[in-house]
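Okay, so here's the structure we're looking at.
Derivation of every value follows stated rules applied to the coordinates shown; laboratory data play no part. Computed from a predicted model, the values in this text were never measured in an experiment. Here Cβ is always computed from backbone atoms with ideal geometry, including for glycine, and neighbour counts include all displayed protein chains.
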Amino acid sequence: MLIYFAQQMQQRVIPTAHYALRADGFLGLGNYEKFAGLKNYATVLTGHSFWAAMGRTLYFTIVSTALELSLGLIVAGLLNAKLRARWLFRAIVVIPWAIPTIVNAAMWKGIFNAQYGALNALLTQLGLIHEYQAWLGDPTTALNMVILADVWKTTPLVAFFLLAGLNSIPAELYDSAKIDRASWPRIFRSIVLPMLVPSISIVLVLRTVEAFKVFDIIYAMTRGGPVNGTQTVAYYAYMTAFSDQNFGLGSALSYIIVTVILVLTAVYLRLLRRSEMSLL
């Protein structure tokens, strides 16, 4: 394990840190021999494109995580219900998460197609729209459609995390609540939600980190378009480094992303520790 970690540090982390402190230019043309200090970081942090991508990334992270947590809680409650075919329901629910992200993106890209997409056909048949819409042709709409595709895939994972939390709640608490004739909203507010705080905290940490560095579904569905309307920070770093061939700025962007993720993780872990102490 230590050998693997040392190899990764030598092959990936150290060279990337080296590029981030060197002058921008094409790799191998000699420009990287010029030390630039923190110039690349300053260029990134003062650029409009970075903050625009950051805004879209935060929007994607907040909306997708909130929807996945809300829907995941509902699905977890259904999975936890004492139904006769509960095992079949659980097997069906896991399918969206089991589908590879690239396949999921291609499927939703077809559903949103402006000419033959299933969504346009359905809404037209229901009389909700009178002509086919280019769902991925408008910057704002396209970002929301990508969020929808991500929510559909990831909600089952969130649901199973929360289901594990529901299964850990002692049955005696429910029995005591029934004896007191507590309503289901009060049981949820007073028993279920407090007991799910650790599971919810773990979900928030994992999903926030994953959503913040989202790349694959953006690449497969929209390539960051239209008009950079779905370009997140991770995709912006990719385009800067490998499309523009500016490895200095691309490396600086990568370290900025890592720093933000570490800060978010530290905040969540501190909140998790506080929530656990309040339950003791």
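Averaged over every viewing direction, what's the projected area of the C-alpha convex hull for segment 64-185? Give it in nm², one decimal, please.
On the way: hull surface 41.3 nm².
Average projection, Cα convex hull of segment 64-185: 10.3 nm².
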Query raised in the report: Order of 256-267, 43-54 by packing, highest average Cβ count within 10 Å first?
Result: 43-54, 256-267
Query - Stretch gain in nm, segment THR140-TYR174, where the contour uses 0.36 nm per residue and the Cα spacing is subtracted - result: 7.8 nm
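Loop-only check: which chymotrypsin sites (Phe, Trp or Tyr not before Pro) in segment 57-155 are DSSP coil with at most 15 other Cβ within 10 angstrom? Before the final figure, lay out each step's value.
Values: sites: TYR59, PHE60, TRP87, PHE89, TRP97, TRP108, PHE112, TYR116, TYR132, TRP135, TRP152; in loops: PHE112, TYR116, TYR132, TRP135.
The qualifying sites are TYR116.
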**Report entry** Order of ARG189, ARG181 - criterion: other Cβ atoms within 10 Å of each residue's Cβ, fewest first
**Finding:** ARG181, ARG189
Report summary line: The lysines whose Cα lies under 27 Å from the Cα of LYS213, excluding any fewer than 8 residues away in the same chain, are LYS39, LYS109, LYS153
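Run the numbers for ALA42 and LEU88: contour at 0.36 nm per residue of separation, minus the present Cα-Cα distance, in nm. Don't skip to the end; give the middle numbers.
Values: separation 46, 0.36 × 46 = 16.56 nm, distance 5.42 nm.
Value of the extension gain: 11.1 nm.
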Query raised in the report: Using 7 Å Cα-to-Cβ label points, what is the SER190/VAL227 separation (nm, one decimal)?
Result: 5.4 nm
Query raised in the report: Taking only the alpha-carbon atoms of segment 158-250, what semi-axes of the equivalent ellipsoid follow from 5 times the gyration tensor eigenvalues under a square root, in whole Å, largest first?
Result: 46, 12, 9
**Report entry** In nm, spacing of pseudo-spin labels at GLN133 and PHE215 (7 Å Cα→C-beta vector)
**Finding:** 3.2 nm
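For VAL258 and ALA106, what is the calculated FRET efficiency with R₀ set at 35 Å and r taken between the beta-carbons, to the nearest 0.05? Intermediate results must be reported in sequence, preceding the final value.
On the way: r = 29 Å, r/R0 = 0.84.
Efficiency computed from Cβ-Cβ geometry: 0.75.
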**Report entry** Potential lengthening between ALA164 and LEU269 on full extension [0.36 nm per residue; Cα-Cα distance subtracted]
**Finding:** 35.9 nm
Report task. Report the far tail of the P(r) of segment 188-231, meaning the percent of Cα-Cα pairs longer than 16 Å. Result -> 56 percent
